[in-house]
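A quick write-up on the structure given underneath.
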Amino acid sequence: MTEPQKHDQFDGPQMQETHYKRADMSGAHFDGVNLADAKFYAVLARARFADTNLSEAVFDDINLADSRFNNVNLSGTVISNANLSRLTISGVTLADTDIKDADLTGMRINGVLVTDLFMAYDQAKT
């Protein structure tokens, strides 16, 4: 009698804890990849991440302009010194998220300019 096979959602190459340094991965596609604890110091412009585990990953000195994330786990992920131009975030949980030292020019949340939200907040405090 054979053992029943277990289904591993990440049954491809295991790349968790991989360190990507000075890599140009522009346009790369990560589909169904386990990249937990990975470290990215790279160009990932136009990259696509789908059904990917990026929990506890580090993105530092990174270019993620025009990249797309679909069904991705980013819990515990740190993104610093990053170009996130033209990033669209939808259907996400941002609980306990901290954004610091960011250029929010043109950024909108549910169609409202963030700079307008801050202005209204400052006016409400006075």
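Of the listed values (1) 48, 29, 22; (2) 53, 30, 25; (3) 74, 35, 20, grab the one calculated as Cα extents along the principal axes in Å from the structure here. Of the labelled values, this structure produces (3).
Can you tell me which of 74-80, 100-106, 84-90 comes out highest on packing, and rank the rest after it, using the mean Cβ neighbours within 10 Å?
On the way: 74-80: 14.9, 100-106: 8.6, 84-90: 11.1.
My ranking of the peptides, most packed first, is 74-80, 84-90, 100-106.
Take every pair of alpha-carbon atoms less than 8 Å apart whose residues are at least six positions apart; their mean separation over the length of the chain yields a relative contact order of 15 percent.
Ranking TYR41, TYR121, ASN73 by how far each Cα lies toward the positive end of the dipole of the chain (charges on Cβ) leaves TYR121 at the top. Counting only protein heavy atoms and a 1.4 Å probe, the chain has 75 square angstrom of accessible area per residue. In this rough spin-label picture, where each label sits 7 Å from Cα along the Cβ direction, the GLN123-ALA95 distance is 3.3 nm.
For ARG68, the solvent-accessible surface computed with a 1.4 Å probe is close to 150 Å², ligands and nucleic acids excluded.
The string of couplings for the range 38-47 from the Karplus curve (6.51, -1.76, 1.60, θ = phi - 60°) is 6, 10, 10, 10, 7, 9, 10, 4, 6, 6 Hz, one whole number per residue in order, with x for Gly and Pro.
The values are calculated or read from the model by the stated rules, or taken from the named source; none is laboratory data. Remember, it's a predicted structure, so these values are computed and weren't measured experimentally. When we count neighbours, we look across all protein chains shown, and the Cβ atoms used for this are built from the backbone with ideal geometry, even at glycine. All accessible areas refer to the heavy atoms of the entire protein, side chains included, with ligands and DNA or RNA removed. Shrake-Rupley method; radii C 1.70, N 1.55, O 1.52, S 1.80 Å.
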